[in-house]
Amino acid sequence: MTQHRIALIPGDGIGAEVLPPACAVLDLVGKRHGLTFGYDEFDWSCARYLNEGAMMPADGLDRIRRHDAILLGAVGWPCVPDHVSLWGLLIPIRRLFRQYVNLRPITVLDGVPSPLRHAASGAVDFVVVRENVEGEYSEIGGRLNRGFPEEMAVQEAVFTRAGVSRVLDHAFRLAASRRGGITSATKSNGIVHTMPFWDELVAEYAARYPEVDCGQEHIDALVAKIVLDPGRFDVIVGSNLFGDILSDLAAAVAGSIGIAPAANLNPEGEFPSMFEPVHGSAPDIAGQGIANPIGAIWSASMMLDHLGHPEAAGEVMAAVRTVLADTAVRTPDLGGTASTDDFTRAVLDALP
Ligand code: NAD
Ligand code: IPM
Ligand code: MN
């Protein structure tokens, strides 16, 4: 029997609705594979911020640094400015636990039609590899002359050789293990310092991995090509902000932002990695019990894979695929009338 200790951070809104389905699936698949999960739940959220003045305690990261993995729902709620809630919880976890690779796979699944009429199931299967700790997400900058006509805001982007290289290395190795294609998202025609540097490092890695077919696209052209021909992509690697935007676009191409998973990886294993759906707290549907749990369940499957249980991970995704392909059970974002619980029960029933 293998026991894993998991830090659970449901967070805000539908975050708390999609994590119980993920845990139920983990518990059931675990039984077949001799795995047990010990969950420690942390109430770190906007509600905590309002009560206690901080999204998490000062020693929050110390409390979860020895867990095997972190499963997070979503963070952010309209009562707290987003930059306060996110820089108070999600972003410090990613940065201080050196989760510098954010893997966001996208597949058009059988039974979930893409809004793009030409994107058939099975024909779209790519991974966005998002640089996750630097780039455009930096605290360097400031606001000046508040309230005056001269008011201004400056935000610096930080790209380091070490930071870009390590995520490129991961992305090229991933491409080599898949279909051998990589597309770098750039904007070196408009952003004159950071993006030409990014391109130079991409060229270094392209030379290092001759077996990988490396192309690059300006981000504006790339989003159009993803809509026009999503089947051509294998791995897309991008900076923190480009990767963020690409991953919601890709989720929509696959039918709903509710289905997309994410793995925030600390590849060296010195800190826990964090698994979370791509979507946010969805205030517009929170509390109704209708959130699509696939993103969270798929993230839990990625966690199983990361923890060394690829068969269990595969069974979870096979069960999700079976429900989508063989039944009409769907949450409203996919055109159905099922609740989060209905869908979860169907997945549990479909597990071997
Ligand atoms: P969002 O992802 O919460 O919602 C966008 C749209 O997608 C909404 O219409 C929502 O109803 C729908 N949606 C999202 N997840 C769904 C699901 N599982 N099932 C069905 N429909 C779903 O994005 P937003 O509105 O930009 O952000 C809301 C809050 O969440 C903000 O505070 C934002 O900062 C935060 N956020 C957090 C994370 C995170 O924790 N990783 C990610 C994105 C946004
Ligand atoms: C995501 C989210 C976060 C990000 C926000 C909420 C800070 O959009 O995980 O994709 O931009 O990384
Ligand atoms: Mn995002």
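Of all the residues in the range 7-53, those that are within 18 Å of the chain's Cα centre (by Cα), assigned to a strand (DSSP E or B) and among the hydrophobic types (A, V, I, L, M, F, W, C) number 3.
If the condition is being of a type in the set (A, V, I, L, M, F, W, C) and over 22 Å from the mean Cα position of the chain (by Cα), then the range 331-349 contributes Ala338, Ala346, Leu348. When Ser256, Ser247 are screened for being more than 13 Å from ligand 3 (Cβ to nearest atom), surrounded by 18 or more Cβ atoms within 10 Å (Cβ to Cβ) and not aromatic (Phe, Trp, Tyr), only Ser256 passes.
So which of Val158, Val167 is closer than 21 Å to Asn266 by Cβ, touching a strand residue (DSSP E or B) at 6+ places or on another chain (Cβ under 8 Å) and surrounded by fewer than 19 Cβ atoms within 10 Å (Cβ to Cβ)? It would help to see each step written out before you state the result.
Numbers: Val167 fails: surrounded by fewer than 19 Cβ atoms within 10 Å (Cβ to Cβ).
Just one listed residue meets the conditions, Val158.
Here's a check for you: in the range 312-329, which residue that is closer than 29 Å to Thr36 by Cα and of a type outside the set (A, V, I, L, M, F, W, C) is most open to solvent (accessible area, probe 1.4 Å)? Here the residue is Arg321. Pull up the range 270-285, narrow it to residues that are open to solvent by 30 Å² or more (accessible area, probe 1.4 Å) and within 10 Å of ligand 1 (Cβ to nearest atom), then point me to the one that is nearest to Thr337 (Cα to Cα). This residue is Ile285. Of all the criteria given as (1) free of Cβ contacts under 8 Å to residues at least 60 places away in the same chain; (2) out of contact with any helix residue (DSSP H, G or I) (no Cβ under 8 Å at 6 or more places or on another chain), the one not satisfied by Ile226 is (2).
Note on the range 62-86: residues that are surrounded by fewer than 23 Cβ atoms within 10 Å (Cβ to Cβ), in a helix (DSSP H, G or I) and either more than 16 Å from ligand 3 (Cβ to nearest atom) or over 19 Å from the mean Cα position of the chain (by Cα) (or both) total 3.
Just one of the listed residues (Pro267, Pro293) is surrounded by 24 or more Cβ atoms within 10 Å (Cβ to Cβ), more than 14 Å from ligand 3 (Cβ to nearest atom) and over 11 Å from the mean Cα position of the chain (by Cα), namely Pro293.
From Ala350, Ala346, Ala338, Ala312, which residue is out of contact with any Lys or Arg (no Cβ under 9 Å at 6 or more places or on another chain) and modelled with pLDDT of 95 or more? I'd like the intermediate steps shown before the answer.
Values: Ala350 fails: out of contact with any Lys or Arg (no Cβ under 9 Å at 6 or more places or on another chain); Ala338 fails: out of contact with any Lys or Arg (no Cβ under 9 Å at 6 or more places or on another chain); Ala312 fails: out of contact with any Lys or Arg (no Cβ under 9 Å at 6 or more places or on another chain).
Answer to the selection: Ala346.
If you go through the range 133-150 and keep only what is in a loop (DSSP other than H, G, I, E, B) and open to solvent by less than 100 Å² (accessible area, probe 1.4 Å), you end up with Val133, Glu134, Glu136, Tyr137, Ser138, Ile140, Asn145, Gly147.
Of the helices (runs of 4 or more DSSP H) contained entirely in the range 154-258, those carrying at least 3 residues that are of a type outside the set (A, V, I, L, M), out of contact with any Ser or Thr (no Cβ under 6 Å at 6 or more places or on another chain) and away from ligand 2 (no atom under 16 Å from the Cβ) fall at 161-177, 194-208.
For residues in the range 166-188 being hydrophobic (A, V, I, L, M, F, W, C) and more than 19 Å from His218 (Cα to Cα), which is farthest from the chain's Cα centre (by Cα)? If you could, list the steps in order and put the result at the bottom.
Pass one, the range 166-188, residues hydrophobic (A, V, I, L, M, F, W, C): 167-168, 171-172, 174-176, 182, 185.
Narrowing the set further to residues that are more than 19 Å from His218 (Cα to Cα) leaves 174-176.
Values: Leu174: 16, Ala175: 18, Ala176: 21 Å.
That would be Ala176.
Evaluate the range 126-136: report whether one residue or more is within 22 Å of Leu8 (Cα to Cα) and touching a residue at least 12 places away in the same chain (Cβ under 8 Å).
Pass one, the range 126-136, residues within 22 Å of Leu8 (Cα to Cα): 132-133.
The next check asks that each one be touching a residue at least 12 places away in the same chain (Cβ under 8 Å); those that pass are 132-133.
Yes, the conditions are met somewhere in the range 126-136.
All conditions but one from (1) open to solvent by 10 Å² or more (accessible area, probe 1.4 Å); (2) farther than 22 Å from Ile297 by Cα; (3) in contact (Cβ under 8 Å) with a residue 60 or more places away in the chain apply to Ser114; the one that does not is (2). Please verify whether Met317 is modelled with pLDDT of 95 or more, under 14 Å from the mean Cα position of the chain (by Cα) and either of a type in the set (Val, Ile, Thr) or more than 10 Å from ligand 1 (Cβ to nearest atom) (or both), treating the condition exactly as stated. No; evaluated as a whole, the condition is false for this residue. Of all residue pairs spaced 6 or more apart or on separate chains, those with beta-carbon atoms under 9 Å, a first member in the range 335-348 that is closer than 10 Å to Asn292 by Cβ and a second member that is of a type in the set (Phe, Trp, Tyr) are Gly336/Phe343. Tallying residues that are in contact with a helix residue (DSSP H, G or I) (Cβ under 7 Å, 6 or more places away or on another chain) and either under 27 Å from Gly76 (Cα atoms) or of a type in the set (Gly, Ala, Ser) (or both) within the range 15-29 yields 8.
The values are calculated or read from the model by the stated rules, or taken from the named source; none is laboratory data. The structure presented is a predicted model; accordingly, all values stated were derived computationally and were not measured. Cβ sites come from the backbone with ideal geometry, for glycine too, and all protein chains shown count toward neighbours. The area values use the complete protein model at the heavy-atom level, side chains included, leaving out ligands, DNA and RNA. Shrake-Rupley method; radii C 1.70, N 1.55, O 1.52, S 1.80 Å.
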